[in-house]
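Peer 1: Please find one structure pasted underneath; my questions will follow.
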């Protein structure tokens, strides 16, 4: 039981480290993803989503968000 | 479906997180639909680990190239760590690690543009940075702007240059918001204090960078005056030995230090020198006019020797360029001088085209060197200019041969030598490019020459102000002179002349132009004569030549344009043989389309409008084109009209220059003679034929050329036997009677004889008599002639016999103009030669025919009574018979000669000349044919070299002498002795054998085969006298 618990803990630590590495790569490549979004992307990929299609979706969502933000700021300034 | 369930929850989370929509919002639903549809239904390929690997490697390389080596290294390390993670070993989703990396790469957004953080810039201090507190970092931030500006004076800036790259947009806005002047310090302070600290630091760094860049730019773009002395030294940025060969070498060898120039500077000077070769820093002009290199200059990467050996090959081309440029300027400077041949100016114009092209190429090279976007070295530059220098060498060789090798002579020879030199250059050029350049230069050069030809063709006048054309109009000969046809145009130099050196290109120029020149001279003479005859020279374009419309069009073009078109056509035919069908179909397509056809013809029609010599047909064509233009859509034609403005006059010269310069490739070896003759000759010959035909028609129909010819033949060659019989009967009677011969009485008698047949021409004939010897001299000569004949010495007999016979009688014909051109003094002299020969034949026969038996009637009485005068002598009957035989022999001999030469020489002449006139050839052919026929007749009468010493004339004189002797014996009445008869017989046999010997010799050697019949006839009628011991000396020994 202890062994399984240890293995579990190691696995979680390993997962966290791997995620941090991925996050570093994401920053280095200037993807603009925060941790939550990246985690969701990882899960989607694990669920079998095609990375290229997912990237397209993410970029579109980021674009919409940027537009929404700009729109809101524009109204706000008025 | 399993996928969709998993995706549903995650998609909702994603949309909620990223966009912030709530589930009940419409936007949420739409976003969810969008995300799901893209995730579930897409056309993207599965992840390829190799492709992802390559992309990551490429990205690492990109970081390195952008000077972000730390990022490159970091990416490599992170990727490696990520892939080595044990998490993916037993993962249920295969290649999840590559999927995630692929996702990162797809989402990557210009990572190199993100500024590096301090940690990234100083990776070694990462560990310290981790330890240091944020407070320390803030404290370490330095006010770089204030720090660097400490102690600096306040400086005022002028109005901001809108194109300045010294400020970014924010600064520019800020500066514009302020007034025109601004204190830099106050601005800096304000900026530094107003903005947050981090921003101030970035600004300061930017300012530093800009300052550094500006300094670098100024140092790179400021040309130091290195040419003002050897003190300027270029400093190399690299310390590598290969970049400092010169310094290393000089230090090692202990040589004097050279001036080091950058390769960039040297390249530019080379380009400048080739553009305009003058004395400069590296290449200097010495007193001899040669370029030499400054031996204390080099580039850092080459020793002085290597530098000189690299560039010294340019010295000769620079000299050649300088000489060509000086020649060009010299000709330009003499632009106002009428003595400078225009062909030389045309040549210089052609040279200038090539020079300009070379300069443009050099300018493009200089731009490349200045930009430094590619690697430009001296070797590269030398390779770039090498083809041009090869062409320059050939051009200079042609120029040198034309102007320098041979001493300067008259403009005509100078120009012919230039053309010959160019022709030789074109024909001997091995490379297509060189051949093309020389061909273009030749076409430019001969333009004026062909312009002169054009004027000669159209107007018949040679407007050669600078005396440069191959033929010259002799001003001393007017069209009214009888020597007009022969001497109106003269060729001052001939290719076979001994004055011309074998290697002189003048010979080539003459050979190439001579075939055209003969026809041109004939055209010029015909034109001038027709205009003097007040005949309209312009040819009827609606006449018979209209069947060939293209030929008509060609004739309307200037010759120079015809030549250029021919060359262009020749080249295009050679190049486009394979693509012939395509081009043809394209052309047909264009021609079927009136708009395209119109736009293509615009240029040509503009030229036609400029041309004052437009024909009606051409004007119709122009109006047709204009109609098409008017009916066409104006918008469609706008481009054409804008590109080629109809109102702007296009000079034909420019148009031709463009055409010539468009010749860019010559596919095969070019024969200049072939080009000239193929392009020019048909037009010139056509023109010549038309003019000749017109002139002959006029001379025959209006000036009765044929009647004049017939009259001259009738009189001088005794074609009209009845007329001349009366004349020569009187003449011989006077000679027999020993009456004085005077020209006036003979002229009157001749006029009287002729007037019955040619009343209108009778006054044009007159006789001149020129007594060779006085009467006493004649008698002495006759006696001496007899002795000479008995001595059997040919020389003496030749001399004496030649002076016997007829007086030097000549019939002159004062032919009216323009017939005097045909019957000039030379022709009349030849005709008189034949006339005197005919007269000699007639004279010999005439004398013998007058010895009739009735005159011997007194002999019958003593003969019948048997009164024999001398017992020792032969019987009288025998002597009488011998005398009769001698008469018959002489009569047969002289008649045989007369009939033979009448049939063989004179009758064919009459027939041939009749045929010549009937065929209506050119006047030139009539003149030359007439001369040829006369020469042939003279040759057939064995009088080719010298009429007086002609063997026939000698024989005829001798026969005449014998005739006189026989005549005297005929009237001697019984006192004729056998010895006298034997002497006569021997003399006759001598004459007969002499002539047979000569004729046999001539016919055996096939010198005059037509005399074979006469030879046989005379040989078969040889008298059976056996006086061989007295005959030997009469054998023919000399030549005819």
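The values are calculated or read from the model by the stated rules, or taken from the named source; none is laboratory data. Note that the structure is predicted; figures quoted are calculated from it, not measured. Here the Cβ is made from the backbone with ideal geometry for all residues, glycine too, and neighbour counts use every protein chain on show.
Peer 1: For the stretch B:727-763, name all the residues that are in a loop (DSSP other than H, G, I, E, B), free of Cβ contacts under 8 Å to residues at least 24 places away in the same chain and within 60 Å of the chain's Cα centre (by Cα).
Peer 2: Looking only at the stretch B:727-763, we keep the residues that are in a loop (DSSP other than H, G, I, E, B), and these are B:738-742, B:756-761.
Still in the list and also free of Cβ contacts under 8 Å to residues at least 24 places away in the same chain: B:739-740, B:759-760.
Residues satisfying the conditions are B:759, B:760.
Peer 1: Oh, and also: Being touching a helix residue (DSSP H, G or I) at 6+ places or on another chain (Cβ under 7 Å) and farther than 16 Å from residue A:29 by Cβ is the filter; apply it to the stretch B:45-68 and report the residue that is farthest from the other protein chains (Cβ to nearest Cβ).
Peer 2: It comes out as B:49.
Peer 1: Filter the stretch A:12-49 for residues that are assigned to a helix (DSSP H, G or I), over 23 Å from residue B:40 (Cβ atoms) and more than 7 Å from every other protein chain (Cβ to nearest Cβ) and give the result.
Peer 2: Selection gives A:12, A:13, A:16, A:17, A:19, A:20, A:23, A:27, A:35.
Peer 1: Provide a single number: the residues in the stretch B:917-933 that are farther than 21 Å from residue B:828 by Cα and assigned to a helix (DSSP H, G or I).
Peer 2: 1
Peer 1: So which of B:42, B:3 ends up being at the interface with chain A (Cβ under 7 Å from one of its Cβ atoms), modelled with pLDDT under 90 and either within 60 Å of the chain's Cα centre (by Cα) or in a helix (DSSP H, G or I) (or both)?
Peer 2: Working: B:42 fails: either within 60 Å of the chain's Cα centre (by Cα) or in a helix (DSSP H, G or I) (or both).
Of the residues listed, the single one that is at the interface with chain A (Cβ under 7 Å from one of its Cβ atoms), modelled with pLDDT under 90 and either within 60 Å of the chain's Cα centre (by Cα) or in a helix (DSSP H, G or I) (or both) is B:3.
Peer 1: Being assigned to a helix (DSSP H, G or I) and either at pLDDT 80 or above or touching a strand residue (DSSP E or B) at 6+ places or on another chain (Cβ under 7 Å) (or both) narrows it down to one of B:175, B:192, so name that one.
Peer 2: On inspection, the qualifying residue turns out to be B:175.
Peer 1: Note down all Cβ pairs under 6 Å where the first residue falls in the stretch A:26-44 and is closer than 18 Å to residue B:52 by Cβ, the second is surrounded by fewer than 15 Cβ atoms within 10 Å (Cβ to Cβ), and they're at least six residues apart or on different chains.
Peer 2: Correct list of pairs: A:30/B:109.
Peer 1: Looking only at the stretch B:93-104, which residues are closer than 20 Å to residue B:63 by Cβ and more than 7 Å from every other protein chain (Cβ to nearest Cβ)?
Peer 2: B:101
Peer 1: For the stretch A:65-76, state whether one or more residues are at pLDDT 90 or above, part of a helix (DSSP H, G or I) and more than 18 Å from residue B:13 (Cβ to Cβ).
Peer 2: no
Peer 1: Within the stretch B:365-402, which residues are under 20 Å from the mean Cα position of the chain (by Cα) and crowded, with 18+ Cβ neighbours inside 10 Å?
Peer 2: B:391, B:392, B:394, B:395, B:396, B:398, B:399, B:401, B:402, listed by residue number.
Peer 1: Every residue in the stretch B:45-88 that is crowded, with 16+ Cβ neighbours inside 10 Å and outside any helix (DSSP H, G or I), please.
Peer 2: Selection gives B:47, B:68, B:85.
Peer 1: Look through A:9, A:52 and report the one residue that is more than 7 Å from every other protein chain (Cβ to nearest Cβ), free of Cβ contacts under 8 Å to residues at least 12 places away in the same chain and part of a helix (DSSP H, G or I).
Peer 2: When all the criteria are applied, what remains is A:9.
Peer 1: Could you say which residue among B:718, B:724 is modelled with pLDDT under 85, assigned to a loop (DSSP other than H, G, I, E, B) and buried (at least 18 other Cβ atoms within 10 Å of the Cβ)?
Peer 2: Unique residue meeting the criteria: B:718.
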